[in-house]
Amino acid sequence: MAGLLKNSSSKIASSIAPLINPHILNDHRHKKIANNHCKNHTFSVWLSAQQRTMKMNPLTKSNKFKLSFPTMKNQLAKLTALAAISLSAALSTTAQAAHPGEALYKTKCFACHQATGQGIPAVFPPLAGSEWVNGPEENLVRIQLRGLMGPITVKGAQYNSAMPGNPTMTDQEIADVLTYVRSNMTNNAPAISADTVKAIRAKEAGNANMLTVKDLIDPLAAKANPKPEPKAKAAPQAQPNANVNTEAQAQAKAKRQAQAKAKRQAKAKAKKTPKPQPQSKAKATPAPTPSPAAAVTTPVAAASSSDAGQTLYQAKCIACHGPTGDGIPNAFPPLAGSEWVNGPAENLIKIQLHGLAGPIEVKGKLYNGMMPANAAMTNQEIADVLTYVRSNMGNNAPAITPDMVQPHRAAAKANPAPITAADLLDPTAVTAVLTADTELQGFKPAQHNSSGNTIFWIIGLTGICTLPAAAGLIKN
């Protein structure tokens, strides 16, 4: 049918092209061309509005083929409408709303797993076509909640890094980003619901330790051995009829009665015989009750800010920057000895709140990646992790306080888009450092101030020059 319509359409187009102009219709030569073309042919014209076929029989002498400009104009209008409807349907299909998990993927996963889910070779595993992505959904949800560290084999290649957890994401957000990954990047796995995430979160409550591959379900084994269907409960066996009074039942009943009677007699005889009195046992001396002062336990010292920062670093930063802050060559810049870490505190705070995208030069090398924002962290948490980095890994910079973070929080909330290196202060700008205390900031110390010596020499030279003139005046 499609081939017939295509051939018919091309024939009709070639025949009616010269007939659209009403002046040409009066030309006998074009009428003859139309008649010769339509003769001994059957063709169909598809009408979009009615979706029916109009058939024309071969021409005969008594049935002449007549064309008029209004008729052709009407048919062309219908064909134009059909084309417009088809184009609109195609555009509406391509203009579907983006998946809600796509935006989350770009902010949370893009830096390590890249835009198409190919990962970074030998560093971060791919998501595209991964057996873990298409495997049990429980694995992915638990990794999102607790993170993953240690060696893992993905698509035949082994990786050994760490992925921080995202427990601050809502159940719906985790479901959206995982469903997006499982339905894109050549993956084809069922969607994950927010209820599934909620149930797994309840099981993992109170356990924030990072997972290893041993804690997960083997996706290949799960695929080879799917969970068996629950067996139907066996029908209860019919109980024998207790009302049937057989001879065996009568004998058993008589035997039970005799045994019960013998027990009663033995019990009555035992009551008449006096029992020997047991020897009195010495009462055990009760243990002394500890005094209230002794019962008070010594409170555990609260973790220091450095310990809190180290814990946050291991959960948030170690995957990209490494345990010693050396980063990953050609992928993620180092923090150890970085001019940005030891530079203005404002830079680090803004990066934590906004994230960083685009090229940046660190220790003489250019990196072009993306760091996701950590705006969900509290001011204290941001201060702790930044202070830990600035005081370790070969760095030596002042601590950052929560009060220093707060002024930048409003700007990050108003514009959460990632910033670039151009939005930061130049960490290599040299600031003059005073070598001694002075009363007014900005002035050099007194021992380096030569203005007094200069004045002395000016007065001396002036005196020498004016002394002969003064002597001459006195003489006269």
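If you take the beta carbon distance between Thr107 and Lys223 as r and set R0 to 25 Å, what does 1/(1 + (r/R0)^6) give as a FRET efficiency, to the nearest 0.05? Write out the running numbers ahead of the final one.
Numbers: r = 31 Å, r/R0 = 1.25.
Approximately 0.20, to the nearest 0.05.
Between amide H atoms placed 1.01 Å from N, distances below 5 Å from Ile192 occur with Thr179, all of them 5 or more places distant or on a separate chain. Checking the cross-link pairs Lys155/Lys198; Lys214/Lys316; Lys198/Lys350; Lys363/Lys413; Lys155/Lys363 against a 26 Å limit on the alpha carbon distance flags Lys155/Lys198; Lys198/Lys350; Lys363/Lys413; Lys155/Lys363 as lying beyond it. Just grab the label-to-label distance for Ala202 and Leu366, each label 7 Å out from Cα along the Cβ direction, in nm (one decimal). Result: 5.4 nm between the two label points.
We did not get these values from a lab; they are worked out from the coordinates using the rules stated. Only a predicted model underlies this, so the values are computations on that prediction, with no experimental measurement involved. Neighbour counts run over all protein chains shown; Cβ positions are idealised from the backbone, glycine included.
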